[in-house]
């Protein structure tokens, strides 16, 4: 029995039309973690792109389907992605950076034949609260750049001012100092601190959805700006050798950023973290990895993030060295078989408690055929 059998595309298609929503966003369409939308772009099917373009999730290399479409220069496909009625979705898709720190917008600017695409994206950004500064930058001169001050950075986060935040992190010497900073009590990095802060003050308003199962991560300016700030931090961390493992820093409770995002039910960050080498095998103080933790979230409305973690497990197994800051590569059964302090593993929890998650571990429904007997 092979551990690396790709799912049958026909089964995914049937699941899609039968309404199993996780199939719309599964990362199981290539060894890079492509979604069905990436696949539609690659085969050049504009009609299928229109059907699937409700959410452009980055693959595990950090490339959105829009980025791939721009790389191919296919105007019809690009238009299909950008013509979505929810312009904020298109805006975030366009500015999301990959592991090289390049966004679809930046990529489009390098192609003279895509000036109209750049204009369309910039119009989307001008209409997106909290992100207009990307095309209309402010002239910020209010900072004494001679001395690093963490409170100034925290103030920008609290004010939801991504422009000011980007200004601070771009000052000479500040990126290294900001990435090195840790809260003296919790040992949280600035990324982990922001996740905790975002949860505490926005617990009642940060989650908005167009339906019970499909989340719009841009529906709230808080969400959009803090997501963008997190992306900026990870871009800088990827560029500086001493901070390659920044995303996987364990705090006092051995929680990584992924653990905190799951515990505080800010699942929309996981797409970003999974494209930047998040260590889904890391165990918190209770001995639980990311899969176990996401299965314990009582408010988990769908299983797309369960699917994302399982597919990322496959990606890491096939692509050694992609976990940020980690030298050794784990066996994929470390994810499903590692037991926490309660003596249970994530697989047991899935099979015992969640019928929807059980779909993902039954034979033929996900990339490795697992059964309760395994």
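Read-outs: derived from the displayed coordinates by stated rules, not from any lab. Keep in mind the model is a prediction, meaning the values are calculated, not measured. For neighbour counting, all protein chains shown are included, and Cβ atoms are generated from backbone atoms with ideal geometry for every residue, glycine included.
By per-residue mean of other Cβ atoms within 10 Å, what is the highest-first order of 255-265, 154-164?
255-265, 154-164
If I take R0 = 56 Å and measure r between the Cβ atoms of residue 172 and residue 341 in this structure, what FRET efficiency does the formula 1/(1 + (r/R0)^6) give, to the nearest 0.05?
Using R0 = 56 Å, I get an efficiency of 0.80.
Under a plain spin-label model, where a point goes 7 Å from the Cα along Cα-to-Cβ, how far apart in nm are residue 123 and residue 32?
2.9 nm
How many nm is it between the label spots at residue 45 and residue 74, if each spot is 7 Å from the Cα in line with the beta carbon?
1.0 nm
Please give the length that would be gained between residue 319 and residue 186 if that part of the chain were fully extended, namely 0.36 nm times their separation in residues minus their C-alpha to C-alpha distance (nm, one decimal). Walk me through the intermediate numbers first.
On the way: separation 133, 0.36 × 133 = 47.88 nm, distance 3.28 nm.
My answer for the length gained is 44.6 nm.
Please give the peptides 181-188, 47-54, 105-112, 94-101 ranked by average Cβ packing (other Cβ atoms within 10 Å per residue), highest first, as a rough proxy for protection.
By packing density, highest mean first, the sequence is 94-101, 47-54, 105-112, 181-188.
At 7 Å along Cα-to-Cβ for each site, give me the label-to-label distance between residue 200 and residue 147 in nm.
Those two pseudo-labels are separated by 2.5 nm.
Quick one: 235, 56, 253, fewest Cβ neighbours within 10 Å first, how do they rank?
The order, fewest Cβ neighbours first, is 253, 235, 56.
Give the order of 80, 317 when sorted by the count of other beta carbons within 10 angstrom, beginning with the fewest. It would help to have the intermediate numbers written out before the result.
Numbers: 80 25, 317 21.
Lowest count first: 317, 80.
Can you tell me how much longer the chain between residue 111 and residue 54 gets when fully stretched, taken as 0.36 nm per residue apart minus their C-alpha distance, in nm with one decimal?
18.0 nm is the gain from fully extending residue 111 to residue 54.
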